[in-house]
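Asker: Supplied in structure tokens, the structure appears directly below.
The values are calculated or read from the model by the stated rules, or taken from the named source; none is laboratory data. Note that this is a predicted model, so its numbers are computed, not measured. Note that each Cβ is placed from the backbone with ideal geometry, even for glycine, and that neighbours are counted across all protein chains shown. For the accessible areas, the whole protein counts, side chains as well, though only heavy atoms, and no ligand, DNA or RNA atoms are used. Shrake-Rupley method; radii C 1.70, N 1.55, O 1.52, S 1.80 Å.
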Amino acid sequence: MSLYHQMEGEGAPLVLIHAGICDSRMWDAQWPEVADGHRALRYDMRGFGRSPIPPEPFSHAADLAHLLDSQAITGAAMVAVSMGGRVALELAIARPDLVSKLVLSGPGLPNHEWSQAVRVYGEAEDAAIAVGDLDAASEINVRFWVDGVGRTPDQVDAGVRSRVHEMQRRALELQIEAGEAAQEHLLAEDVDRRLGEIAVPTMVLVGEHDVADMHAIAGQIASAVPGARLERIAAAAHLPSMERPAEFDRLVHEFLSVG
């Protein structure tokens, strides 16, 4: 399986892992600076952006491990968002040789018991997909994750909403085309019970307007990973790197600069 990826720069290795409602384009604002100071890698996970999704079982974390092995990259700092954060956690547990630091923004976590609000959102998305209305399904995702809690669409940057809508729609197209045979299997099934094994510096970020589940997961990870740091970013929901790039970049730069 060949994943679309981009590598630039020289220095300590750094990997940017996108959210499950985006693809590697979500890092456009960060890429020039990141690539200027690191050996930087960003990529599209299978079923996102420019990476197709063959109709077969797969593992996002195993895909990333293979990509890093193919580039002879070890000990990389991982900056990851949402589902990408869950992938980074899997890698830190299953392949600790590949990870030197973790920055997890609104990370997912296997075995989390999702709230009624998340289940209702998921049902609405499924219903739109079932009738082939991918624009509606994408807008449901944008409304839930990008607008977040306590905000209306007009209170959110229209450019961010539009870019996420485009990336989400592309992902839905690829995933529907692959069908149900393309089922993901986790590289580390019990991440939630093994967080205490993570031995690298870790920072967890969560946006002020993100849904309650993501605040709960962020707190759980920050409490369980030894020495982990938790930061909340104001005036942002699930994608602080896109909504508040200056604040996001400041926190990440300071964290990566230590040690």
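Asker: Scan GLY47, GLY75 and give me the residue that is at positive phi and open to solvent by less than 10 Å² (accessible area, probe 1.4 Å).
Answerer: Just a single option satisfies the conditions, and that option is GLY47.
Asker: Grab the helices (runs of 4 or more DSSP H) fully contained in the range 29-136, keeping just those with 2 or more residues being small (Gly, Ala, Ser), over 23 Å from ALA212 (Cβ atoms) and under 16 Å from the mean Cα position of the chain (by Cα).
Answerer: So the answer is 60-70.
Asker: Can you tell me which residues in the range 101-146 are open to solvent by less than 50 Å² (accessible area, probe 1.4 Å) and farther than 25 Å from VAL160 by Cβ?
Answerer: Passing the criteria: LYS101, PRO110, HIS112.
Asker: Please enumerate the residues belonging to the range 14-28 that are assigned to a loop (DSSP other than H, G, I, E, B), touching a residue at least 40 places away in the same chain (Cβ under 8 Å) and not hydrophobic (A, V, I, L, M, F, W, C).
Answerer: Matches in the range 14-28: HIS18, GLY20, ASP23.
Asker: Looking at the range 6-28, which of its residues are over 9 Å from the mean Cα position of the chain (by Cα), within 19 Å of ARG163 (Cα to Cα), open to solvent by 10 Å² or more (accessible area, probe 1.4 Å) and not basic (Lys, Arg)?
Answerer: ASP28
Asker: Could you check the range 187-211 and list, in sequence order, the residues that are at pLDDT 95 or above, part of a loop (DSSP other than H, G, I, E, B) and open to solvent by less than 50 Å² (accessible area, probe 1.4 Å)?
Answerer: Hits for the range 187-211 are ILE198, VAL200, HIS209, ASP210, VAL211.
Asker: Does HIS215 meet the test of being under 30 Å from LEU98 (Cα atoms), without any contact (Cβ under 8 Å) to a residue 60 or more places away in the chain and crowded, with 17+ Cβ neighbours inside 10 Å?
Answerer: The answer is yes for HIS215.
Asker: Tell me which residues, restricted to the range 1-13, are touching a residue at least 40 places away in the same chain (Cβ under 8 Å), touching a Ser or Thr at 6+ places or on another chain (Cβ under 9 Å) and part of a strand (DSSP E or B).
Answerer: Within the range 1-13, HIS5, PRO13 qualify.
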